[in-house]
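Engineer: Please see the structure below; I have some questions.
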Amino acid sequence: MESVQIVRSRRKTIAIQITPDGQVILRLPLTYPKAKIPEILAQYHNWIEEKVQKFQTQKKQVPQHKFSEGETFLYLGKEYPLHLTHQTSQPLFWNEDGFWLRKTDPEQARKWFLSWYQEKALAYFTERARAFEKKFTHQTYQIKLSNARSRWGSCSSRGVIRLSWRLIMAPPDIIDSVIVHELAHFVHPNHSKEFWNLVSTEYPDYKKARRWLRNFGHLLVI
Ligand SMILES: [Zn+2]
């Protein structure tokens, strides 16, 4: 968690405030026992994380692609240059040298990229979930894509895991962290201590992955 600034004053109630630069301020009555502070922070942990993330996403606006020669696009955590071409059977394809896009207007190009990323995302996420699933579930489940920009994954009791297609632009270990997180919800449909213990058996560095998504998640855009 981010550093927390504690401000005591002659107030009767507790308040938590997040400043736009991500500072957490905990306002307490003068006599509030210090020993109870970790408890409050634990209780509001998710709420604080969400607020901090929201501010950070707002702060970092990324300019949209113009789809011109040489611009870079992310795929599985690596940047690839864009090449415009007239000679393609497919409107967009990818190889180790970059993305190859048939010349068109930006609006159409964006659509081609979107469907390319979504197709890769569904196949890749499904394959990675298969690699982890045995530890977490024996029930059948489905993977679907979402368009979310900061809620990277969710898991429903009906057995649907929704993952933002944007994750296909992130490094493979970051994608794994989100998949493990959602699969672990089949065992613990909450964020209890047991849940995090289970996550860490398959993915010990989950805190680092969360931090990565908080810091760089805004870059996962077309
Ligand atoms: Zn969760």
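The values are calculated or read from the model by the stated rules, or taken from the named source; none is laboratory data. Worth saying up front: this structure is predicted, and the values here are computed from it rather than measured. In this analysis, Cβ positions are derived from the backbone assuming ideal geometry, glycine residues included, and neighbour counts consider all displayed protein chains. These area figures cover heavy atoms from the full protein model, side chains too; ligands, DNA and RNA do not enter into them. Shrake-Rupley method; radii C 1.70, N 1.55, O 1.52, S 1.80 Å.
Engineer: Go through the residues of region 92-106 one by one and say whether even a single one is of a type outside the set (Asp, Glu) and assigned to a helix (DSSP H, G or I). It would help to see each step written out before you state the result.
Structural biologist: Filtering region 92-106 for residues of a type outside the set (Asp, Glu) gives 92-95, 98-104, 106.
Checking which are assigned to a helix (DSSP H, G or I) leaves us with 106.
Yes, the conditions are met somewhere in region 92-106.
Engineer: Let me ask something else about it. Can you tell me which residue among LYS51, LYS120 is of a type outside the set (Gly, Ala, Ser), assigned by TED's automatic domain parsing to the domain that holds TRP165 and in a helix (DSSP H, G or I)?
Structural biologist: Working: LYS51 fails: assigned by TED's automatic domain parsing to the domain that holds TRP165.
So the residue among LYS51, LYS120 that is of a type outside the set (Gly, Ala, Ser), assigned by TED's automatic domain parsing to the domain that holds TRP165 and in a helix (DSSP H, G or I) is LYS120.
Engineer: For THR85, which of the numbered conditions (1) open to solvent by less than 50 Å² (accessible area, probe 1.4 Å); (2) in contact (Cβ under 8 Å) with a residue 40 or more places away in the chain fails to hold?
Structural biologist: (2)
Engineer: Shifting gears a bit: Mind telling me which of the residues THR140, THR126, THR104 ends up being more than 16 Å from the ligand (Cβ to nearest atom) and touching a helix residue (DSSP H, G or I) at 6+ places or on another chain (Cβ under 8 Å)?
Structural biologist: The unique qualifying residue is THR104.
Engineer: Could you say whether any residue in region 52-60 is more than 24 Å from ARG149 (Cα to Cα) and out of contact with any Lys or Arg (no Cβ under 9 Å at 6 or more places or on another chain)?
Structural biologist: No, there is no match, as no residue in region 52-60 is more than 24 Å from ARG149 (Cα to Cα) and out of contact with any Lys or Arg (no Cβ under 9 Å at 6 or more places or on another chain).
Engineer: Something else about it: Where in region 123-220 are the helices (runs of 4 or more DSSP H), entirely inside, with at least 3 residues that are touching a Lys or Arg at 6+ places or on another chain (Cβ under 7 Å) and closer than 29 Å to TYR80 by Cα? Working first, answer last.
Structural biologist: Working: elements: 172-184, 193-202, 206-216.
So the answer is 172-184.
Engineer: Here's a follow-up. Is it true that SER177 is at pLDDT below 95, among the hydroxyl-bearing types (Ser, Thr, Tyr) and within 17 Å of GLY217 (Cα to Cα)?
Structural biologist: When the stated conditions are applied, SER177 does not pass them.
Engineer: Quick check: anything in region 202-213 within 22 Å of THR72 (Cβ to Cβ), open to solvent by less than 70 Å² (accessible area, probe 1.4 Å) and in contact (Cβ under 8 Å) with a residue 60 or more places away in the chain?
Structural biologist: yes
Engineer: Can you pull out every residue in region 164-222 that is more than 16 Å from PHE132 (Cα to Cα) and of a type in the set (D, E, K, R)?
Structural biologist: ARG166, LYS193, GLU194, LYS207, LYS208, ARG210, ARG211, ARG214, listed by residue number.
Engineer: Still on this structure, please answer the following. Pick from region 126-152 the residues that are open to solvent by 30 Å² or more (accessible area, probe 1.4 Å) and touching an Asp or Glu at 6+ places or on another chain (Cβ under 7 Å): which of them is modelled with the highest pLDDT?
Structural biologist: ARG128
Engineer: May I pose another question? Check whether at least one residue in region 103-119 is farther than 30 Å from VAL180 by Cβ, open to solvent by 70 Å² or more (accessible area, probe 1.4 Å) and touching a strand residue (DSSP E or B) at 6+ places or on another chain (Cβ under 8 Å), and report yes or no.
Structural biologist: yes
Engineer: Looking at region 22-38, can you tell me whether even one residue there is in a helix (DSSP H, G or I), of a type outside the set (Ser, Thr, Tyr) and surrounded by 12 or more Cβ atoms within 10 Å (Cβ to Cβ)?
Structural biologist: Going through region 22-38, the residues in a helix (DSSP H, G or I) turn out to be 34-38.
With the extra rule that they be of a type outside the set (Ser, Thr, Tyr), the set shrinks to 34-38.
Keeping just the survivors that are surrounded by 12 or more Cβ atoms within 10 Å (Cβ to Cβ) gives 37.
The answer is yes; a qualifying residue exists.
Engineer: Which residues, counting only those in region 153-195, are within 10 Å of the ligand (Cβ to nearest atom) and crowded, with 16+ Cβ neighbours inside 10 Å?
Structural biologist: Correct list: GLY153, SER154, CYS155, VAL178, HIS181, GLU182, ALA184, HIS185, HIS188, PHE195.
Engineer: Hey, another quick one. With not β-branched (Val, Ile, Thr) and not assigned by TED's automatic domain parsing to the domain that holds MET169 as the only criterion, which of GLY22, GLY77 stands out?
Structural biologist: GLY22
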